[in-house]
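Below is one structure; the comments refer to it alone.
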Amino acid sequence: MLDPRLLRAFVAIADAGSFTAAADRLHMTQSTMSQQIARLEEAIGRELVDRAARPVRLTVTGERLLGHARRILALQTEVLALVAETSGTTSVRIGMPDDIATPEMAHAFAAFAKRHKEARLDVTTGLRADLTRRYRSGELDIVVLKEDTPSADSWASFEEPIAWFAALDAPADLPDPVPLVTFPPGGLYRDAMFDRLERERQRWYVAFTSASLRNVLMAIEAGLGLSLLPVDAAKGWRVKRFADFPPEPPVVASLYSWERNGIVGELASEVLDILKRHFARERNSIA
């Protein structure tokens, strides 16, 4: 491998036309410059500079090497700049349900990323069971969980009303058996749906399953079945509340973060502020 320091000395001589001028450019003595060129010639096995010429000229081998030497030095500069760049080098891993990943949340993430160029935000949306497992195993730094009861280490929890929904043109009477639109196993509302129908002594079957909240709502709109969902999540969809069942107890949305300081703690605080506004609006709209 050719030493970049020797190549830099060689390029300086080619540009300056003399050992003295090249030494001045690189802030070294003329003898040091001569030694570096001699080491480069020894490494290559051929003379690179015609020292007898005035101004100094490159040999044929030197002329062949010059263009490659410039490219090697340019690539080295590019690599050093690349590894010195800190943008996107610190991963902040966030998990939350689909309906919490709102445009307001995305704008907050964008503003945070502009302030912290070193941060790379890795956002995962998913179901409670998977998000809980990943947070507790340390795979996520910040998580918002929909759960029945918050754990002692939650930063804050917010009650969220839930209700049964059906398509706008669904008949008023329950079909027998009841078709259900559900999240996969591990979803918070899935087991609650089964428990409610068992208590009501209703026969049921799962007609449609998806991990996507959007897909679940589209399936309800299309008339594939009933589902138990957050009241706020159903706004704007062509669905109606199915009021035959007694009211369901609310779930809670809880925020967890491993850190309270640093960039993780700062982002967790911003997520908390958004959750406060989100659930305040939800309470006001229901009232």
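Structure data summary
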| item | result |
| --- | --- |
| Where labels lie 7 Å past Cα in the beta-carbon direction, separation of residue 47 and residue 21 in nm | 2.1 |
| Whichever lysines have a C-alpha closer than 30 Å to that of residue 117, once near sequence neighbours (fewer than 8 apart) are set aside | 276 |
| For the range 162-249, average projected area of the Cα convex hull in nm² | 5.0 |
| Residue-span extension gain [residue 244 to residue 147] - 0.36 nm each, minus C-alpha spacing | 32.5 nm |
| Relative counts (whole %) of C-alpha pair distances in the range 4-84, using bins that are 10 Å wide | 19, 52, 24, 5, 0 |
| Principal axis dimensions, largest first and in whole angstrom, of the chain by Cα | 105, 36, 31 |
| For residue 57, net neighbour charge (Lys/Arg +1, Asp/Glu -1) across residues whose Cβ lies under 14 Å away | -1 |
| About the Cα centre, charge dipole magnitude for the chain (Lys/Arg +1, Asp/Glu -1 at Cβ), debye | 1080 |
| Residue-span extension gain [residue 54 to residue 90] - 0.36 nm each, minus C-alpha spacing | 7.5 nm |
| Helical segments meeting 30 Å axial Cα length and Kyte-Doolittle -1.0 threshold in the chain (DSSP H) | 60-84, 262-286 |
| Gyration tensor verdict on the range 1-135 (Cα atoms; rounded if a/c is under 1.5, prolate if a/b is larger than b/c, oblate otherwise) | prolate |
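Rule-based calculations on the coordinates, nothing more; no lab input. Everything numeric in this text was worked out from a predicted model, so none of it was measured. Cβ atoms come from the backbone with ideal geometry, glycine included; neighbour counts cover every protein chain shown.
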